[in-house]
Amino acid sequence: MGKVLAACSLLLAGAPNLAGAVAIPSPSSVMTTTTTVASSKASSGKGVEVLNDFLRAVKSVKNELTSEKATDLKFVQKCFDVEAVTDAVDGTLDAQMTAAGSGMNQVSIVGKRKIVDKVLRQVLSDVVVVEDTLRDLPPEKTGLARLEKVEKPLGKLEKDLLRLTSALTSDGSADTAGAAGLAKPLFSLCADGYLLCDPQ
């Protein structure tokens, strides 16, 4: 089921959380994805697969937390491969900007990148919230009692991952704003391509 989940199941030693800014090994295996890629399938496919791997990892963490074992933060941190997600997003956006016939000009891709980056930052923030919540739980909190404490932030993480996938595979900054659940793009470029104008 991919390197991330295999690593989780083996409970290998994990890297420190985001606060430590230590790199986590990226998964190299390719997993099947059912997500529809709306823009540049060839360049977006790998990025979406990595996001799907991460979503499966979140479900794996949920299953682990329902057990009666003590909280294993290293397990959680190993599952939450945030470096792989960040690299996949960057790589997909770069590929979409350079792909021949993608139909997206530089102004559109810059607007799209700004929106996608905002959702990505929210995903990374969700991971920190989950880890901090688990770290602060008393040792006797296990099973469903423990899951209850982190179920809400875990659910938000899953939702934001879906928003990130939708935004990443959308066409143009306006479509990306809709796919990301934002009312409108965060900004648009002026005609000269340099000054930032507020979209109205």
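Would you pick out the residues in segment 174-196 that are surrounded by 18 or more Cβ atoms within 10 Å (Cβ to Cβ) and either closer than 26 Å to Val58 by Cβ or modelled with pLDDT of 60 or more (or both)?
Listed by number, the residues that qualify are Asp175, Thr176, Ala177, Ala179, Ala180.
Out of all the residues in segment 115-133, which are over 15 Å from the mean Cα position of the chain (by Cα) and not hydroxyl-bearing (Ser, Thr, Tyr)?
The answer is Glu131, Asp132.
Which residue out of Asp160, Asp81, Asp90 is within 14 Å of the chain's Cα centre (by Cα), free of Cβ contacts under 8 Å to residues at least 40 places away in the same chain and within 22 Å of Leu51 (Cα to Cα)?
Only one candidate qualifies: Asp90.
Could you list all residues from segment 144-173 that are of a type in the set (Gly, Ala, Ser), buried (at least 17 other Cβ atoms within 10 Å of the Cβ) and modelled with pLDDT of 65 or more?
Selection gives Ser166, Ala167, Ser170.
The values are calculated or read from the model by the stated rules, or taken from the named source; none is laboratory data. The model shown is predicted, which means the values in this text are computed figures rather than measured ones. Neighbour counts run over all protein chains shown; Cβ positions are idealised from the backbone, glycine included.
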